[in-house]
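Here is the structure we will look at.
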Amino acid sequence: MNLFSPYASLTYHRCEQLAQYSQNPQYMDRRYLTLEHRQANNQVALWMKQAGMLTWQDEAGNQWGALKCDNPNAPTLVIGSHLDTVPNGGKYDGILGVLLPISVLQYLHDTQQSLPYNLQIVGFGDEEGTRFGATLLGSRAVAGTWQENWANLVDADGIGLPQAMRDFGLDINLIRNCKREHNINAFIEIHIEQGPVLEAKKLAVGVVSAIAGARRFKCTLTGFAGHAGTVPMNMRQDALAGAAEMILAIEALASTHQLVATVGKLSCLSGATNVISGKTEFSIDIRSENDQQRDVAFTQIEQKIHDIATTRKLKLEISQTHSASTVKCDSGLQTQLSQAIAKQGILPFTLSSGAGHDTMAMANICPVGMLFMRCDKGISHHPAEAITEHDVEHTLAVLHHFLQSFPL
Ligand SMILES: [Zn+2]
């Protein structure tokens, strides 16, 4: 039996156990500053204590654990991810990244091993942004990039963020106190891949090179509504037909530029069977691990869809709704993670992340590294999200190798 198989089983069962804390009895749903968030924090704190850690909850509702080393000049490594989920989500997205390091520390505790540096584990309270609309609230509070105007955010039930914090026992006026800065030497996040690449490569784990920057746009296309029976085809200004041509052009240009662009939202007025659409709105989400390449591709997309609008006598307005730069993972940490993977007898493989993570926020204050673990068919944000105990075992061993090699 492998050294880590009992700890893999422990991690796997703890994921199951934590999944009990859901706002909805039918499916997984654990949002920021809810009773279930508190229950998850309390449970995780208990496991951290069992692994020999000191625990606390910060002013943003993030759960922390620390294993302090005797050397006062020792560096500090932080490992963590998030404990919230999307509605009807899975049991591993985020959660695994908090429970895996706790299991490795449990192993160190059980075998009476110590580390020559400070190790902290964090379970961020909000990454998904499903309660208040803004994402990474937990990690951005820690990184000091909390936005003052978030005090105006309101959830679907009309509860404001300051009130939700009060109900949770927190004070939004103290949020700046959880900002960490010069006292973190590196941050590592372990996360399920949420994509099919590792599975296709038959690899349990992979090293993340960068988290792709995304830009999002809202496009409004105005034509002229008319009767479906009386306006001849060559006299129409059909906003929906124009949008259809644009969506296909966006898809083709994304392939040409070898990046990803998605139209995920489309709405059309008047939306009646017998009316030519007079107005259509759609979204564009474009991502690449190279910001410059992404911007060049978007300029071409913009040009192309404007041409389509002109030809079809439609008015096109484009407004940007979101922009995030690519976050590069630290090359030294990437090398150390690759070496840890090789030590486990697995071929080191590097891939980029198309999804956003807490690591993006933490990159503002320290070097960051990410390790992806294979998940079944790349499915996430879905109840079918699945992992294997065997992969957990490999990941625990890789993390253990990494902890032994840190710092350089
Ligand atoms: Zn996640």
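Since every read-out is calculated from the coordinates, none of them should be taken as a lab result. Quantities reported herein were computed from a predicted structural model and do not represent experimental measurements. Virtual Cβ from ideal backbone geometry, glycine too; neighbours counted across all protein chains shown.
Some points to look at:
- Folded to 0 to 90 degrees: helix 95-110 orientation relative to the chain principal axis, Cα: 10 degrees
- Residues 217, 124 arranged by fewest to most Cβ contacts within 10 Å: 217, 124
- For the chain, share of DSSP beta bridges that run antiparallel, in % to the nearest 5: 70 percent
- Dipole magnitude of the chain, debye to nearest 20 (Cβ charges: Lys/Arg +1, Asp/Glu -1, about Cα centre): 560 debye
- Rounded tilt (10° steps) of 239-256 against the dominant C-alpha axis of the chain: 50 degrees
- Given charges at Cβ of Lys, Arg, Asp, Glu: the chain dipole, positive-most of 222, 284, 138: 222
- Under the Debye formula (equal points on every Cα, no solvent term), log10 I(q)/I(0) of the range 213-323 at q = 0.12, 0.18 Å⁻¹: -0.42, -0.83
- Rule-of-thumb Rg ratio for the range 125-247 [Cα; 2.2 N^0.38 Å; N residues]: 1.70
- Charge dipole of the range 1-137 about the Cα centre (unit charges at C-beta), most positive-ward option of 6, 54, 81: 6
- Ranked by how many other Cβ atoms sit within 10 Å of their own Cβ, fewest first, the residues 347, 396 fall in the order 347, 396.
- Neighbourhood charge, 15 Å Cβ-Cβ cut-off, centred on residue 300 and excluding it, Lys, Arg +1 and Asp, Glu -1: -1
- Segment residue 24-residue 328, length gained on full extension (0.36 nm per residue, minus Cα span): 105.8 nm
- Anisotropy class of the range 1-149 from Cα gyration tensor, a/c 1.5 cut: oblate
- Simple Cβ-charge dipole of the range 213-323, Lys/Arg +1 and Asp/Glu -1, about Cα centre, in debye nearest 20: 280 debye
- Unit charges at the beta carbon, dipole of the chain: most positive-side option, 319, 207, 345: 319
- Sorted ascending by nearby beta carbons within 10 Å, beginning with the fewest, 382, 13 become 13, 382.
- Each of residue 283 and residue 388 was given a label point 7 Å from its Cα along the Cα-to-Cβ line. The distance between the two points is 3.5 nm.
- Here the range 301-408 is assigned +1 on the Cβ of each Lys and Arg and -1 on the Cβ of each Asp and Glu. Its dipole about the Cα centre then comes out at about 480 debye.
- Against the chain, whose longest principal axis is taken from its Cα atoms, helix 291-311 shows a tilt of about 20°.
- Cα gyration tensor category, rounded, prolate or oblate, for the chain with a/c compared to 1.5: prolate
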